[in-house]
Amino acid sequence: MVPTPRGRSVTRAVAALLAVLAPVVLVACNGDPYPQSSLHPASDGATAIDDLYRQIVIWATVVFVVVEALVLYTVMRFRARPGQPEPAAVHGNTVIELLWTVAPAVILVFIAVPTMRTIFLLDGRTAPDGALEVEVVGHQWWWEFRYPALNVTTANELHLPEGRPVRLTMTSADVIHALWVPRLMGKRDAILGRNTRIVFTPDSAGTYLGQCAEFCGTSHANMRFRVMVDASGVFESWVAAQQGGVAPLDTANALVAEGDTAFRRIRLPASNSCIACHAIQGVSGGVLGPNLTHVGSRTTLAGGILSNDSAGLARWLANPPGEKPGSLMPRIELTPREIAALVAYLESRQ
């Protein structure tokens with residue numbers, strides 16, 4: 001049987017639809033079933049947002065079912081039949097007009113009231129006594145996390161204790177950014193010269209993925225971070241490790257010693273030196289790039305786009321702008337030996 005032109009058109013349309021849907025399905029098949037799903041909240045604030053979302057979905061479903069039922073009824077009841085005259089025009093039915101005016105208004109009230117209540121709940125929340133204070137600074141294109149009461153500074157990985165209220169105070173070092181961890185909180189803008197805040201209590205230990213949700217330049221999509229909600233005792237151990245200073249330099253390891261020398265060495269121009277931008281306790285006081293005092297203890301680097309291992313460090317040091325377009329860290333001509341030495345040195349900064 002030879003396919004008709006119409007049949008071929010339908011086949012092409014189905015094939016095109018499958019081609020579009022296939023990548024979506026494949027992307028959904030990953031190791032973590034809820035990597036950034038706001039439908040699986042892990043804090044009180046995210047739970048409030050999820051509850052509101054579910055209420056709105058219920059009302060939207062009711063509207064959809066009613067409207068589609070009326071459409072199907074109309075299509076079937078008034079469909080054309082052989083020999084049937086055109087139906088009489090109906091105009092100005094007061095009851096129907098009142099119904100389709102009052103019903104949407106009532107539904108909007110049932111949506112607006114819980115929406116406003118949730119907004120005021122999340123925006124007006126104050127931090128209780130004992131809340132953990134964290135200062136967040138957005139940079140192009142990485143996140144800085146400071147714990148002022150603990151004297152700890154880290155980058156791209158935010159550690160929080162399970163079950164303890166947290167207040168994040170956000171600002172920006174350059175353009176507008178937005179901090180968003182779908183499973184923990186709604187997004188908050190980080191604006192140069194202003195402080196924005198959010199208070200929430202994480203209730204489930206785990207690692208949660210976050211990202212910048214406000215377009216901020218070339219590598220906006222590469223401005224990622226992770227939130228580690230630590231179980232009881234784990235957070236205190238992490239803080240103690242961060243406060244304990246860096247491990248003594250292993251001078252017996254030739255590569256580590258060479259890496260220490262390479263890190264300290266001033267290149268011309270000076271802005272291309274490691275110590276000009278990065279801080280390491282007792283070594284350098286740079287403030288332009290991430291604090292590297294305990295960089296070896298982190299799981300990711302380069303704004304969360306690379307694994308923090310030997311291969312990832314080597315890729316980053318060889319060509320930062322190539323890994324992250326627009327990176328403010330320039331490409332420095334390094335020999336393979338220098339890269340290996342810097343990798344060994346940075347991995348030793350635990």
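Before moving on, here are some points about what is shown:
- Positive-end residue, the chain charge dipole about Cα centroid, Cβ charges, pick of L192, A276, Q350: L192
- Within the chain, helix-based [θ] at 222 nm, where runs of 4 or more DSSP H residues each add -39,500 (n - 2.57), nearest 500: -13000 deg cm²/dmol
- Modelled FRET efficiency - R0 45 Å, T261 with E236, Cβ distances, 0.05 increments: 0.80
- Sorting M228, M329, M76, M223 from the fewest to the most surrounding beta carbons within 10 angstrom yields M76, M228, M329, M223.
- Least to most buried among E162, E86 (fewest other Cβ within 10 Å first): E86, E162
- Relative exposure of F200, F263, judged by other C-beta atoms within 10 Å (fewest first): F263, F200
- Each of R117 and N195 was given a label point 7 Å from its Cα along the Cα-to-Cβ line. The distance between the two points is 3.2 nm.
- With the charge dipole of the chain set up from +1 on Lys and Arg Cβ and -1 on Asp and Glu Cβ about the Cα centre, the Cα lying farthest toward the positive end among the listed residues T101, L52, A341 is that of T101.
- Phi-based couplings in Hz for region 294-310 (Karplus 6.51, -1.76, 1.60; Gly and Pro marked x): 10, 4, x, 8, 8, 9, 9, 8, 6, x, x, 9, 10, 6, 7, 9, 4
- A compact globular protein would have a Cα radius of gyration near 2.2 N^0.38 Å; the ratio found for region 157-229 is 1.09.
- Rg(Cα)/(2.2 N^0.38 Å) for region 31-244, N = residue count: 1.46
- Neighbourhood net charge (11 Å Cβ-Cβ; Lys/Arg +1, Asp/Glu -1) for G124: +2
- Within the chain: Cβ-based charge dipole about Cα centre, in debye rounded to nearest 20 (Lys, Arg +1; Asp, Glu -1): 1120
- Over the Cα atoms of region 254-347, the radius of gyration divided by the Kirkwood radius equals 0.91; this is the Rg/Rh ratio.
Each value in this text was obtained by applying a stated rule to the coordinates, not by laboratory testing. What you are looking at is a predicted structure, and each value in this text was computed from that prediction instead of being measured. Positions of Cβ are generated from backbone atoms using ideal geometry, with glycine treated the same way; all protein chains shown enter the neighbour counts.
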